[in-house]
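Have a look at the structure below, then the notes.
The values are calculated or read from the model by the stated rules, or taken from the named source; none is laboratory data. Model, not experiment: these values are computed from the prediction. Cβ: placed from backbone, ideal geometry, glycine included. Neighbour counts: every protein chain shown. All accessible areas refer to the heavy atoms of the entire protein, side chains included, with ligands and DNA or RNA removed. Shrake-Rupley method; radii C 1.70, N 1.55, O 1.52, S 1.80 Å.
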Number of protein chains: 2
Amino acid sequence: MPTALPSGSRGPASQQGMRRQNLALVLSTVAGSAPLSRATVAGRVGLTRAAVSSLVDELLGAGLLVEGETAPSGKVGRPGRALSLNADGPAGLGLEVGPAHLGACVVDLAGGTRVWHRVPALNRSRPAGQVLTELAELAGRATAEAEALGLRIEGTVLAVPGVLGPGPGHGDPGAEQAATDRHGTERDPADRNAVGRATAGQRARGREAHEWVEHAPNLGWHHVSLADHWPAGPLPVPELENEANLGALAELWSGGESADTLVHVSAETGIGAALLIDGRLFRGAAGYAGELGHVPVHADGPRCTCGARGCLEQYAGARAVLRAAEIRGTHRDPVAALVDRARAGHAPTRAALRRAGEAFGIALTAAVNLVDPAAVVLGGAYAELSEWLLPAMADELAVRVRVRPWDPDALRASRLGRRGPLLGAAHVTIQRIVNDPARLWD
Amino acid sequence: MPTALPSGSRGPASQQGMRRQNLALVLSTVAGSAPLSRATVAGRVGLTRAAVSSLVDELLGAGLLVEGETAPSGKVGRPGRALSLNADGPAGLGLEVGPAHLGACVVDLAGGTRVWHRVPALNRSRPAGQVLTELAELAGRATAEAEALGLRIEGTVLAVPGVLGPGPGHGDPGAEQAATDRHGTERDPADRNAVGRATAGQRARGREAHEWVEHAPNLGWHHVSLADHWPAGPLPVPELENEANLGALAELWSGGESADTLVHVSAETGIGAALLIDGRLFRGAAGYAGELGHVPVHADGPRCTCGARGCLEQYAGARAVLRAAEIRGTHRDPVAALVDRARAGHAPTRAALRRAGEAFGIALTAAVNLVDPAAVVLGGAYAELSEWLLPAMADELAVRVRVRPWDPDALRASRLGRRGPLLGAAHVTIQRIVNDPARLWD
């Protein structure tokens, strides 16, 4: 019997679900190309002007849209009034814990970054509770600043460099094994209430939210429950998301990236990739997709920390590159150390980065041949090394991706770089509102 | 501004779309676990019994459901009547052209194979018109046999070992470059009218249908328009689909495969893979996903026909394995030749297959680390070599996939083997009906 029945899990269609879906359709249409007149919106979504006006009125009433100046219609005649997203209404708070920094930022509904804090903090050797107490203080300050701007925080997401999960006691005895989650494209953080699956909205809300850090080696966190360490007070416990995933989504949501099926590489000590498919995060069957760092580059190469041989990390991870560059000592920011030497013309560093770029090119050949992304984006801290890494990566891809066309411009450095995860964390809330505005009042 | 707005492309929700979606929900629920009573269906889909009864009556009237004996409810009381799919109603016709065979089969709505023909035919050196005329005769015979069984053919799909496209003059100047199609998971052949996107059903229908063989090297076909070569007569021109894709879908639809995110390998002269994500075909951004045969296995290895070095095909393609096995001459069925020698204990063949399995293991390590499939299935003709290939593949995966858990049972041979593509071709029509029954009368 057929087992692949995507429709079967969607729940029945209903009047309420229909209006909910059409509210999202109108809001996302305006979000995509504001300012727009009501008539233009009606034309684009394929509903009557009367139906659209009723939906628009509801969105205006909820403070999600504003109606202002004339829309540039190009037509002669009575000027219409133009709809835009309300940049002074609901907002998303993004937080971040890194090995050497804390971050908090606020993004408004129109996508503008309104509050931005990224402060140094040596988190690696401190207890999680202490780190999170400091982060909560920063979050409180960002919230107060946002409120002073007239914004209203509607959701908080925390970016963490680690493997996350729903935590123990959430019904899944395999949670340790499949520490993020077990399904495919549906678990995009902004997609939990996505409209295509929206009739099950209530059931879905929060269902998959991560509350548990399975393992974050660069923080020294292992089995950390966020709820247990988040300080009591007015700020709700944030939702967790992996920082590499948020970096990839930020590329699409605020980095100006137009390709929505892409491989987003982020690297430092470890090398990870996030796969976006049709604009949504693809996590794999058990939450492990994107392990670019352990793609075999030279099958008989040196032993990796994972136990296998010749993994990409053994050639392109920051530790391997520092070693090859003959840079000794410990570095709070190894990528910055590499950038300094490369910029100064340090030959071993340049050679080490070239070799790392070649290894990236071999591993990415596998990724391009298997996944066929429209873009490969070098993000995170490594974006700062793109001047030295990209040429070698491009050379390898050019000689190795031969069975299919390969556009050299499809390989590029992220414009967001290290800012990506924090921006992405704030944008999750905005995307959820745009995808399902009724979540704010239901 | 946000660019990832999956909801924006879906069109508005409507009364008509709502009923359409609920018809699909009821039909797919019955398809998933027939026989079921009306009350059980209502419970599962979350609609009232009255609403479900009205939907059921429409599906009974259209000949998609039948209502028969008592459903096994386990409860005491008045026995209910049980709903099942009508195995004597609509059906799908699958066709196949291979280098050395033609095929036609008919699958009914309940998933049963009712007609099966797979006949030898040396197609490689013959004009496409001649091959298709013979295929049309076979299709006519299969249709007559199906009709004699009371079945009604509702769609015909032709499996071809090649790169397909909408053909020239379909508006896309890049069609030669991106010969299949340009989007992600949406283009599953059974998903074109899928319910989640169903309000755009009319627009979507047939929009993406392939009509053009860009290149099928093993048939000697290049730029073949199916419509130009299909004989005039009562049989409509079939829709084309790549045979490896259909083989993968068949695994899910009739092969008993339970994992719906999987890598399905099919190999002979070339090595390809099809990626299923949540039960749907993932084609990549430009239609090139799954090029497993050109994943680098040894970055400095021998030159491949594609121009790159050390591709999997240079170690595991049938030609490479025959060479390594010291088997000379031309073979109408190279895989059968390898099976014969391996079974006879021919040491060079066994060694060549072991080496091929190791190379598969290295390339699949990349696939598992990047895509995180729940299963890796060795399908197509190579399923017949699984006795000799799988152990080496399993060994490599065990020592190389280390950064994440790897279940050795996730690697398996297809039970359908060479039958997959033809079965898949017939099942496409069945899946479309289950996913959107209203397509039959709209």
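Its Cα gyration tensor gives segment B:257-414 an equivalent ellipsoid. The semi-axes, each the square root of 5 times an eigenvalue, are 24, 17, 15 Å from largest down. For chain A, take the longest principal axis of its alpha carbons; what is the angle in degrees between that and the long axis of helix A:243-254, to the nearest 10 within 0 to 90? So the inclination is approximately 50 degrees. GNM remark for chain B: springs join alpha carbons under 10 Å apart, and the peak mean-square fluctuation among B:Gly247, B:Gly310, B:Gly43 falls on B:Gly43.
Note that the protein assembly as shown presents 37 Å² accessible area per residue, ligands and nucleic acids not counted, probe 1.4 Å.
Quick one: net charge around A:Cys105, please, counting Lys, Arg +1 and Asp, Glu -1 for every other residue with C-beta under 9 Å from its C-beta.
Computed value for this residue: +2.
The mean count of C-beta atoms from other chains within 10 Å of the C-beta of residues in B:276-286, rounded to a whole number, is 6. Distances, shortest first, from the label point of B:Pro348 to those at the same position in the other copies read 4.9 nm; the point lies 7 Å along Cα to C-beta.
Remark: mean inter-chain Cβ contacts per residue of A:299-310 equal 4, using a 10 Å Cβ-Cβ cutoff to other protein chain atoms. Counting only DSSP beta bridges whose two residues both lie in chain A, roughly 70 percent are antiparallel. Between A and B, buried accessible area from a 1.4 angstrom probe totals roughly 6800 Å², ignoring ligands, DNA and RNA. Largest mean-square fluctuation among A:Gly94, A:Gly272, A:Gly140, in a Gaussian network model of chain A whose springs join Cα atoms under 10 Å apart, belongs to A:Gly140.
Here the Gaussian network model covers chain B, with springs between Cα atoms less than 10 Å apart; of B:Gly98, B:Gly329, B:Gly284, B:Gly329 fluctuates the most. Dipole orientation for segment A:257-414: of the candidates A:His346, A:Gly293, A:Val263, A:His346 has the Cα lying most toward the positive pole (charges on Cβ; Lys, Arg +1; Asp, Glu -1). Counting charges near A:Arg402 (Lys, Arg +1; Asp, Glu -1) among other residues having Cβ under 12 Å from its Cβ returns a value of +1. Here B:Arg141 yields copy-to-copy label distances, from shortest upward, of 8.1 nm, the label point defined as 7 Å from Cα along Cα to C-beta. The residues of segment A:399-442 occluded by other protein chains by 50 Å² or more of accessible area, set against the chain on its own, are A:Arg400, A:Arg402, A:Val403, A:Pro405; surface from heavy atoms, 1.4 Å probe. For chain B, the longest principal axis of the C-alpha atoms and the axis of helix B:334-343 are separated by about 70°.
Measuring between their Cα centroids, segment B:343-414 and segment B:106-172 lie 32 Å from each other. Sequence-ordered 3J(HN,Hα) estimates for segment A:322-332 from the Karplus curve with 6.51, -1.76 and 1.60 and θ = phi - 60° stand at 4, 5, 5, 7, 6, 9, 9, x, 9, 10, 4 Hz, glycine and proline given as x.
What's the angle, to the nearest 10 degrees (0 to 90), between helix A:347-371's Cα axis and the longest principal axis of chain A? So the inclination is approximately 50 degrees.
Taking only protein heavy atoms and a 1.4 Å probe, the accessible area of chain A is 50% carbon and sulfur. Relative to the other identical copies, A:His215 shows label-point distances of 4.3 nm, where the label point lies 7 Å from Cα along the Cβ direction and values run shortest first. Dividing the convex hull volume of the alpha-carbon atoms in chain B by its residue count gives 183 Å³ per residue. Antiparallel DSSP bridges in segment A:257-414: what percent, to the nearest 5? That works out to approximately 60 percent antiparallel.
Computed over chain B, relative contact order equals 17 percent, with contacts defined as Cα pairs under 8 Å that lie 6+ residues apart.
Computed about the Cα centre, the dipole magnitude for segment B:257-414 is approximately 520 debye when only Lys and Arg (+1) and Asp and Glu (-1) carry charge, each at its Cβ. Convex hull of alpha carbon positions in the protein assembly as shown: directionally averaged projected area 39.2 nm². Near A:Thr48, within a Cβ-to-Cβ distance under 15 Å, what is the net charge of the other residues, with Lys and Arg +1 and Asp and Glu -1? Once positives and negatives cancel, what remains is +3. Over all residues in A:253-264, what is the mean tally of Cβ atoms on other chains that come within 10 Å of each residue's Cβ? Per-residue shielding by partner chains comes out at 3.
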